[in-house]
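A short write-up of the structure that comes next.
The values are calculated or read from the model by the stated rules, or taken from the named source; none is laboratory data. Small disclaimer: the values here were computed from a predicted structure and weren't measured. Ligands, DNA and RNA are stripped out before the accessible areas are found, and what is left, the full protein with its side chains, is counted by its heavy atoms. Shrake-Rupley method; radii C 1.70, N 1.55, O 1.52, S 1.80 Å.
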Amino acid sequence: MLLSNICLLNYGLDCDEACKERCKLSSRPNLCKRACGTCCDRCNCVPPGTSGNYDVCPCYRDMTTHGGKHKCP
């Protein structure tokens, strides 16, 4: 029973809606939503607001590109 509760918590986030909100002020919204969606799928978390607040989601904060830059908007 506990395992099913954990799964519901981990997969209950609507990444499309969370990233739509996160990227609404971006100058490149399609790129932002694509990167955010990848990060959300991997981390099951998107920080609140349109920027910053990375401390809420360390996985999202720590994900980088092959070049060492922040992957998640």
The range 11-53 - residue that is outside any helix (DSSP H, G or I) and aliphatic (A, V, I, L, M) and, of those, modelled with the lowest pLDDT: Leu13
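Name the single residue, out of those in the range 54-65 being part of a loop (DSSP other than H, G, I, E, B) and either at pLDDT 95 or above or open to solvent by less than 50 Å² (accessible area, probe 1.4 Å) (or both), that is farthest from Leu13 (Cα to Cα).
Met63
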